[in-house]
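Beneath this line is the structure, given in structure tokens, with notes to follow.
The values are calculated or read from the model by the stated rules, or taken from the named source; none is laboratory data. Bear in mind that the values here come from a model prediction, so they are computed numbers and not experimental data. Virtual Cβ from ideal backbone geometry, glycine too; neighbours counted across all protein chains shown. Each accessible area value is taken on the protein alone, full model and side chains, heavy atoms only, with ligands, DNA and RNA left out. Shrake-Rupley method; radii C 1.70, N 1.55, O 1.52, S 1.80 Å.
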Number of protein chains: 2
Amino acid sequence: MFQFSKKVEYALIAIRHMTVGHRGQIYTTKEISDKYQLPYELLAKIMQKLVKQHFILSYQGVNGGYVLSRNPAEIRVSEVINAIEGKSAVTIVACEAGTPDDCNIHTTCTIKNPLIKLQTNINKVLDELTVLEMFS
Amino acid sequence: MFQFSKKVEYALIAIRHMTVGHRGQIYTTKEISDKYQLPYELLAKIMQKLVKQHFILSYQGVNGGYVLSRNPAEIRVSEVINAIEGKSAVTIVACEAGTPDDCNIHTTCTIKNPLIKLQTNINKVLDELTVLEMFS
DNA sequence: GTTAAATAAGACTCATTTAGTCCGAGTTCA
DNA sequence: TGAACTCGGACTAAATGAGTCTTATTTAAC
């Protein structure tokens, strides 16, 4: 628990990698997977997700690849997590019952609200940290 | 990712339950599992772990059960997590390589230190929150 | 002493999630 | 036309998490 998934890790590595060159430089999945010894196919999927969420642009065909399309100073770690995991991945408490009636322990379930407070705090941490800050 | 395990959730529920009565009151696993509809056997294991980590005392035999042995105002959420998961469960970054040589991406692995920073922040949140605070 | 109510603890199964692979396609440049 | 790329679904495998089963031990009450 409380551990980044490989996917998120690889996404962060890839984004970080793309921040080192000059703006507009094209990077291929192969190049990145080779350099950091990441599984090519898996990284390829991650790159596709980053494209869909507009973190990077893709160019197909020979000499194609990916270009960072956002300023790393404006990319929040929480955004990357959400882009990769596809959901709000930081859900401390499993109980998502909207009303007490939905909750099988509702008569005395006082655990939910406190955990949500905690969750808010952690979200804040992930939300305030940009990718640029993280790598500096 | 970033979600409490059921075990931790159940542990928090159990500890919270034991804070409501008067000091020294004995609670049984059955009583708690019944009240909150938790799997008895699983909760039993959790109670045993809480005993080993001295959160609660156990009394065996008929009329036995568990008694809270620590002040809930002094129990940190992080302590409960560690007691149940048995390790430092908040390890954002999987790379635990001590030296660059252990790390297969060491030549350019700049991701580790930043993530450790993040991890420290989150640990702080879990560390500063007591069980009592969480339920008030 | 026997029984019933409780904890103790390991081994086991089942389900879910995560990680990684495979394969066939589409795109573009030379 | 072929090589170097991205795209994307289906699939398998590994790891983890959740829950169950079983047997033993302790203790109070009858």
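Kindly evaluate B:Gln48 against the criterion of being more than 14 Å from chain A (Cβ to nearest Cβ) and more than 9 Å from DNA strand C (Cβ to nearest atom). Considered against the rule, which asks whether it is more than 14 Å from chain A (Cβ to nearest Cβ) and more than 9 Å from DNA strand C (Cβ to nearest atom), B:Gln48 comes out as no. Could you list, in sequence order, the residues of segment B:35-53 that are open to solvent by less than 80 Å² (accessible area, probe 1.4 Å) and over 20 Å from B:Asn82 (Cα atoms)? Answer for segment B:35-53, where residues must be open to solvent by less than 80 Å² (accessible area, probe 1.4 Å) and over 20 Å from B:Asn82 (Cα atoms): B:Tyr36, B:Leu38, B:Pro39. Can you find even one residue in segment B:11-24 that is over 22 Å from the mean Cα position of the chain (by Cα), open to solvent by less than 40 Å² (accessible area, probe 1.4 Å) and modelled with pLDDT under 85? The answer is no; no qualifying residue exists.
Test B:Leu42 against the stated conditions and say whether it is away from chain A (no Cβ under 12 Å) and among the aliphatic types (A, V, I, L, M). So B:Leu42 passes the test. Against the criterion of being in contact with a helix residue (DSSP H, G or I) (Cβ under 8 Å, 6 or more places away or on another chain), within 14 Å of chain A (Cβ to nearest Cβ), under 22 Å from B:Ile32 (Cβ atoms) and modelled with pLDDT under 95, B:Ile81 qualifies. Scanning segment B:14-33 for any residue that is touching a Ser or Thr at 6+ places or on another chain (Cβ under 9 Å), within 12 Å of chain A (Cβ to nearest Cβ), more than 11 Å from DNA strand C (Cβ to nearest atom) and more than 25 Å from B:Lys124 (Cβ to Cβ) turns up at least one such residue. The residues in segment A:36-63 that are more than 8 Å from DNA strand D (Cβ to nearest atom) and closer than 14 Å to A:Ala11 by Cα can be counted, and the count is 14.
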